[in-house]
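In what follows, a single structure is set out as structure tokens and then discussed.
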Amino acid sequence: MRVVWDTGPCSVEAVHEVVSKKRDLKETSVRTILRRLEQKGYLRHEEQGRAYVYRAAEPARSLAARAVRQIIDRFCKGSVEDLVTGMVEGKMLSEGELDRLEKFVRNAKGGK
């Protein structure tokens, strides 16, 4: 997914070229992974000649938000507050991240 998000629409060969720099995967494995991601709704493809060109079905941030919502529903009984409290108590956020989040929340509330 990261390759498709970073490079935009790309062929199996293009994804394999990037992925194979860090992982020992055959092109057929990459093809299978892309097909499965498409079946799950994360990717779409177009045919260009004999090749499939894959594109993300939604931006990374949108998909991440959906995944976090599933985590919140499964592990925090639907409570966003429980998730954020757990992250803060578990020291998962740096001071800079906390400051940026605080600013974001204040702006979202209209500066109140």
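The values are calculated or read from the model by the stated rules, or taken from the named source; none is laboratory data. Here the structure is a predicted model, which is why all the values come from computation and not from measurement. Positions of Cβ are generated from backbone atoms using ideal geometry, with glycine treated the same way; all protein chains shown enter the neighbour counts.
Things worth noting here:
- Members of region 49-66 that are within 15 Å of V4 (Cβ to Cβ) and not aromatic (F, W, Y): A51, V53, R55, A56, A57, E58, P59, A60, R61, S62, L63, A64
- E13 being surrounded by 14 or more Cβ atoms within 10 Å (Cβ to Cβ), among the acidic types (D, E) and in a helix (DSSP H, G or I): no
- Selection within region 19-50 - closer than 22 Å to S62 by Cβ and either modelled with pLDDT of 95 or more or touching a helix residue (DSSP H, G or I) at 6+ places or on another chain (Cβ under 8 Å) (or both): I33, L34, R35, R36, L37, E38, Q39, Y42, L43, R44, H45, E46
- Selection of region 1-10 for residues being part of a helix (DSSP H, G or I) and touching a strand residue (DSSP E or B) at 6+ places or on another chain (Cβ under 6 Å) yields V4, W5.
- Some residue of region 25-42 being over 30 Å from L101 (Cα atoms) and in contact with an Asp or Glu (Cβ under 8 Å, 6 or more places away or on another chain): yes
- Tabulated pairs, region 18-33, first over 15 Å from V4 (Cβ atoms), second of a type outside the set (F, W, Y) and loosely packed, with under 15 Cβ neighbours inside 10 Å, C-beta under 8 angstrom, 6+ apart or interchain: E27/E13
- Subset of region 1-51 (residues that are of a type in the set (S, T, Y) and under 23 Å from A64 (Cα atoms)): T7, T32, Y42
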